[in-house]
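Dropping a structure here in C-alpha cells format, bear with me for questions.
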Amino acid sequence: MKIATSHLMRSIDRYCIDVLGIPGIVLMENAALKVMKNIPENIKKFVIVCSSGNNGGDGFAVARHLLNRGDYVEIFCLGSEGNMSVDTKANLNIVKNMGVKIININCNEDLEILKESLIHCETTIDATFGTGLSRDVDGIYSLAITIINENSKYILSIDVPSGFNCNSGKMMGNCIRSDKTVTFELYKKGFLGDDSDSFTGEIVIEKIGIPRLVVDKFHENESIMDLDFIKGLIKKRNKYSHKGDYGRTLIFAGSVGFTGAAYISTQAAVRSGAGLVTLCCDSSIQNILSGKLVEAMTASTNDEKRLDELITKSNCIAIGPGLGNNDVTLKLLDKVLLDSKCPVVIDSDGLNVLAGNLQMLQNKKCKIVLTPHMGEMARISGFSIHEINENKIDIAKDFAKKHNVVLLLKGFNTIITDGETLQINPTGSSAMASGGMGDCLTGIIASFISQGYDIMSAACVGAFIHGYCGDKLSKEMFCVNANHILEELPYVLKEIQV
C-alpha cells in the first residue's frame with residue numbers, strides 16, 4: 001500500500017482533472033459508490049453532515065444513493081453554498097431536486113436539531129473536512145464535531161475523519177472519532193501516527209478510478225509492506241544448494257549477565273536459514289554459550305587472530321546485543337567498521353556507543369543497517385523521543401540519507417528506509433513487548449543478508465517475518481517471547497515461501 005500526503009493527493013487530483021480530462025464529478029461519483037459498498041443494506045436511518053468542500057460533495061452523492069435504495073436520510077450542511085465547488089454544488093442540487101430538506105447549521109438551535117437527529121439515526125456519515133484541511137477547526141464546526149462524537153451510534157468518515165491532519169495524524173482543534181474511515185486510492189500518512197486509530201477506527205482503502213500511471217508519477221516511494229510484497233522478496237531455495245550457499249553470519253553479542261541476548265540473536269540467525277553462524281563473545285561466557293548453541297559455533301573476542309579471520313570471511317556481521325555500553329564495545333565496533341567489507345547490522349549497545357561517535361559511520365568500507373528503538377534513536381540522532389514520534393518518517397529518512405545507512409526504526413509501524421525509499425511494517429503487536437525481541441530481529445536480518453539479500457530487502461523481510469510470527473502466535477497466546485519466535489521462524493518462512 002502506497003502512502004500519501006495531502007499535497008500528493010491534491011497533485012494527483014489536479015493531474016487527473018486538468019491533464020487527463022477526468023471530470024471531477026466522475027471521481028466524486030466513484031468515491032460515493034465506494035462508500036456505499038461499505039454501508040450494510042440492513043442499516044436504514046442516516047444523518048449525513050456535509051460541508052461546502054469536495055468532501056461534502058462526496059457526502060451529497062452518498063445521500064442520493066442511500067435515498068435511491070429507500071433509506072431515511074437527513075442532511076446537515078456546514079458552510080456557505082457560495083463557497084462550493086461546481087461539482088459539490090451539482091450534487092447538492094440533485095438531492096435538493098429529489099425533495100430532501102437540507103438543514104444549514106448556523107446557530108445553536110441548528111446544533112440542537114442535529115443532536116436530536118443523531119440520537120434517532122443508526123449511522124452518521126461524516127463528510128465535512130477531507131485531506132485538504134489546513135487550519136484548526138473552531139467555532140460552530142468544532143461544536144458540531146463534539147455533538148457528532150457524543151451522540152452518534154456509529155460514525156463512518158469519508159476519506160479522513162473531519163479535523164484529522166492527513167499528514168501528521170494529529171487532531172486539528174477538534175476531530176471526529178470514527179468507527180470506520182473509507183479513504184481513497186492511497187493510505188494517508190497521518191494514519192501512521194500514534195493513537196491515530198482512535199480517530200479513524202477501521203480503515204478501508206478504495207480505488208476510485210485514478211490511473212496507476214498518475215499515482216506512480218507523483219508517489220514518493222513510501223509504502224506499507226504486505227504479504228504479497230514480502231513473498232516477492234523471499235527467494236526459493238535451489239535443491240542443489242548447500243550450507244555454503246547461504247552465507248557465513250558472525251554475531252558479536254553477550255557479556256556477563258547478558259548471555260540471553262547473545263543466544264537469542266545467534267539462534268535467530270540459525271533458525272532463519274543462515275548457512276554457518278558464529279557467535280563471537282568474551283571468553284568469560286564462551287563456555288556457557290557453547291553449551292546452549294547446538295548448531296552455531298562460538299569464538300572469543302580475546303583471540304585476535306581468529307577474530308580477524310572471521311571478520312574477513314563473513315558475509316554479514318551483527319554487533320551489539322548485550323555487549324555493554326562501554327569502551328570495549330566501542331573499540332570492537334570501530335574495528336568491525338574499519339576491517340569489514342561485508343554488511344554490518346548494528347543494534348543495542350552497538351548503537352549506544354555510536355552516540356557522539358557518528359563519524360565512525362563515515363569511515364566505513366561496508367554497508368550498514370541500524371536497528372534502533374525510540375530511545376536509541378534519540379541518543380544517536382539528538383532528537384527527543386517526543387520529536388521523533390511527532391515526525392518519525394522525515395527524521396528517519398533524513399538520518400538514513402545523511403549517514404548512508406539503512407535505518408530500521410522499531411516500534412508500532414516500524415520504519416525501514418535507506419533515505420530514498422521507505423517501507424512501513426504493519427506486523428507485530430504489544431503481545432511481543434518483552435526482552436530479547438530486538439536481539440531476535442537483529443539475528444534474522446543478519447541471516448538474510450548472509451543469504452544474499454540486499455540490506456534494504458533483508459531489513460524489510462526480517463521486520464515483516466518477525467512481526468508476522470508474533471501476530472500468528474498471539475492469536476492463542478497472551479504474550480509472545482523471543483524463544484517462541486525462534487521456534488516459529490522456519491515454519492512461517494516455509495508458509496510464506498509456498
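The values are calculated or read from the model by the stated rules, or taken from the named source; none is laboratory data. A quick note: this is a predicted structure, and the numbers were derived from the prediction, not measured. Cβ coordinates were reconstructed from backbone atoms using ideal geometry, including for glycine residues, and neighbour counts include every protein chain displayed.
Quick check: anything in the range 382-403 surrounded by fewer than 21 Cβ atoms within 10 Å (Cβ to Cβ) and in contact with a Gly (Cβ under 6 Å, 6 or more places away or on another chain)?
Yes, the conditions are met somewhere in the range 382-403.
Ok, one more. Just a yes or no: is a residue in the range 427-438 in the same structural domain as residue 354 (by TED's automatic domain parsing), polar (S, T, N, Q), assigned to a helix (DSSP H, G or I) and free of Cβ contacts under 8 Å to residues at least 12 places away in the same chain? Break it down into steps so the answer makes sense when it comes.
First, the residues of the range 427-438 that are in the same structural domain as residue 354 (by TED's automatic domain parsing): 427-438.
Now narrow it down to the ones that are polar (S, T, N, Q): 427, 429-430, 434.
Pick out the ones that are also assigned to a helix (DSSP H, G or I) and you get 430.
From the residues that got through so far, the ones that are free of Cβ contacts under 8 Å to residues at least 12 places away in the same chain too are 430.
Yes, some residue in the range 427-438 is in the same structural domain as residue 354 (by TED's automatic domain parsing), polar (S, T, N, Q), assigned to a helix (DSSP H, G or I) and free of Cβ contacts under 8 Å to residues at least 12 places away in the same chain.
Every residue, every condition in (1) of a type in the set (A, V, I, L, M); (2) in contact with a strand residue (DSSP E or B) (Cβ under 6 Å, 6 or more places away or on another chain), yes or no:
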{"site": "33", "(1), (2)": "yes, no"}
{"site": "59", "(1), (2)": "no, yes"}
{"site": "68", "(1), (2)": "no, no"}
{"site": "80", "(1), (2)": "no, no"}
{"site": "104", "(1), (2)": "no, yes"}
{"site": "111", "(1), (2)": "yes, no"}
{"site": "115", "(1), (2)": "no, no"}
{"site": "120", "(1), (2)": "no, no"}
{"site": "131", "(1), (2)": "no, no"}
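Every residue, every condition in (1) at pLDDT below 95; (2) part of a helix (DSSP H, G or I), yes or no:
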{"residue": "146", "(1), (2)": "no, yes"}
{"residue": "149", "(1), (2)": "no, yes"}
{"residue": "153", "(1), (2)": "no, no"}
{"residue": "161", "(1), (2)": "no, no"}
{"residue": "169", "(1), (2)": "yes, no"}
{"residue": "177", "(1), (2)": "no, no"}
{"residue": "181", "(1), (2)": "no, no"}
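Residues are listed down the side, and each one gets a yes or a no for (1) under 27 Å from residue 473 (Cβ atoms); (2) modelled with pLDDT of 95 or more; (3) outside the structural domain of residue 460 (by TED's automatic domain parsing):
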residue	(1), (2), (3)
371	yes, yes, no
389	no, no, no
409	yes, yes, no
422	no, yes, no
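I'd like the residue in the range 155-176 that is in contact with an Asp or Glu (Cβ under 6 Å, 6 or more places away or on another chain) and free of Cβ contacts under 8 Å to residues at least 60 places away in the same chain and, out of all such residues, is nearest to residue 9 (Cα to Cα).
Here is the first cut: in the range 155-176, the ones in contact with an Asp or Glu (Cβ under 6 Å, 6 or more places away or on another chain) are 155, 157-158, 162, 172-173, 176.
Filter again for free of Cβ contacts under 8 Å to residues at least 60 places away in the same chain, leaving 155, 157, 172-173, 176.
Details: 155: 24, 157: 17, 172: 19, 173: 23, 176: 21 Å.
Among them, the one singled out is 157.
Looking for something farther than 23 Å from residue 259 by Cα, within 22 Å of the chain's Cα centre (by Cα), buried (at least 21 other Cβ atoms within 10 Å of the Cβ) and of a type in the set (Val, Ile, Thr) - is there at least one such residue anywhere in the range 448-460?
The answer is yes; a qualifying residue exists.
On the basis of being within 30 Å of residue 226 (Cβ to Cβ), at pLDDT below 95 and not small (Gly, Ala, Ser), does residue 29 make the cut?
On the way: within 30 Å of residue 226 (Cβ to Cβ): yes; at pLDDT below 95: no; not small (Gly, Ala, Ser): yes.
Spelling it out, it is not the case that residue 29 is within 30 Å of residue 226 (Cβ to Cβ), at pLDDT below 95 and not small (Gly, Ala, Ser).
For the list (1) at pLDDT below 95; (2) farther than 21 Å from residue 181 by Cβ; (3) of a type outside the set (D, E, K, R), I need the number of the one condition that residue 54 fails.
(2)
Which condition number does residue 120 fail, the rest of (1) over 34 Å from the mean Cα position of the chain (by Cα); (2) buried (at least 17 other Cβ atoms within 10 Å of the Cβ) being met?
Of (1) over 34 Å from the mean Cα position of the chain (by Cα); (2) buried (at least 17 other Cβ atoms within 10 Å of the Cβ), only one is false for residue 120: (2).
For the range 488-498, enumerate the residues that are loosely packed, with under 13 Cβ neighbours inside 10 Å and assigned to a helix (DSSP H, G or I). Steps first, answer last, please.
At the first step, the residues of the range 488-498 found to be loosely packed, with under 13 Cβ neighbours inside 10 Å are 491, 494-495, 497-498.
If the condition is that a residue be loosely packed, with under 13 Cβ neighbours inside 10 Å and assigned to a helix (DSSP H, G or I), then 491, 494, 495, 497 are the ones that fit.
What is the residue count in the range 261-293 for residues that are in a helix (DSSP H, G or I), buried (at least 19 other Cβ atoms within 10 Å of the Cβ) and either under 30 Å from the mean Cα position of the chain (by Cα) or of a type in the set (Gly, Ala, Ser) (or both)?
Final tally of qualifying residues: 11.
Taking the criterion of being in contact with a Cys (Cβ under 6 Å, 6 or more places away or on another chain), surrounded by 15 or more Cβ atoms within 10 Å (Cβ to Cβ), under 22 Å from residue 13 (Cβ atoms) and touching a residue at least 60 places away in the same chain (Cβ under 8 Å), would at least one residue in the range 34-44 satisfy it? Step through it out loud before you land on a result.
First, the residues of the range 34-44 that are in contact with a Cys (Cβ under 6 Å, 6 or more places away or on another chain): none.
Checking the range 34-44: not a single residue is in contact with a Cys (Cβ under 6 Å, 6 or more places away or on another chain), surrounded by 15 or more Cβ atoms within 10 Å (Cβ to Cβ), under 22 Å from residue 13 (Cβ atoms) and touching a residue at least 60 places away in the same chain (Cβ under 8 Å).
Would you please name the residue that is surrounded by the most Cβ atoms within 10 Å (Cβ to Cβ), looking only at residues in the range 210-256 that are at positive phi and at pLDDT below 95?
247
Yes or no: residue 84 farther than 26 Å from residue 197 by Cα, surrounded by 19 or more Cβ atoms within 10 Å (Cβ to Cβ) and either of a type in the set (Gly, Ala, Ser) or modelled with pLDDT under 95 (or both)?
Numbers: farther than 26 Å from residue 197 by Cα: yes; surrounded by 19 or more Cβ atoms within 10 Å (Cβ to Cβ): yes; either of a type in the set (Gly, Ala, Ser) or modelled with pLDDT under 95 (or both): yes.
Here the answer is yes, as residue 84 does meet what is asked.
All but one of (1) of a type outside the set (Gly, Ala, Ser); (2) farther than 21 Å from residue 235 by Cβ; (3) in a helix (DSSP H, G or I) hold for residue 444; state the number of the condition that does not hold.
(2)
When the residues of the range 464-476 are narrowed to those that are touching a residue at least 24 places away in the same chain (Cβ under 8 Å) and touching a helix residue (DSSP H, G or I) at 6+ places or on another chain (Cβ under 7 Å), which ends up surrounded by the most Cβ atoms within 10 Å (Cβ to Cβ)?
Within the range 464-476, the first condition is being touching a residue at least 24 places away in the same chain (Cβ under 8 Å), and the residues that meet it are 464-468, 470-471, 473-474.
Retained after the next criterion (residues that are touching a helix residue (DSSP H, G or I) at 6+ places or on another chain (Cβ under 7 Å)): 464-466, 468, 470, 473-474.
Numbers: 464: 26, 465: 25, 466: 31, 468: 23, 470: 27, 473: 19, 474: 17.
Taking the candidates together, the pick is 466.
If you scan the range 358-377, which residues turn out to be over 19 Å from the mean Cα position of the chain (by Cα) and of a type in the set (A, V, I, L, M, F, W, C)?
Listed by number, the residues that qualify are 358, 360, 361, 366, 368.
Inside the range 361-372, can you point out the residues that are surrounded by fewer than 18 Cβ atoms within 10 Å (Cβ to Cβ) and out of contact with any Cys (no Cβ under 9 Å at 6 or more places or on another chain)? Before the answer, list the steps.
If we filter the range 361-372 for residues that are surrounded by fewer than 18 Cβ atoms within 10 Å (Cβ to Cβ), which is where we start, we get 361-366.
Answer for the range 361-372, where residues must be surrounded by fewer than 18 Cβ atoms within 10 Å (Cβ to Cβ) and out of contact with any Cys (no Cβ under 9 Å at 6 or more places or on another chain): 361, 362, 363, 364, 365.
Taking the residues in the range 123-142 that are within 27 Å of the chain's Cα centre (by Cα) and of a type in the set (D, E, K, R) as candidates, determine which candidate is surrounded by the most Cβ atoms within 10 Å (Cβ to Cβ).
Here the residue is 126.
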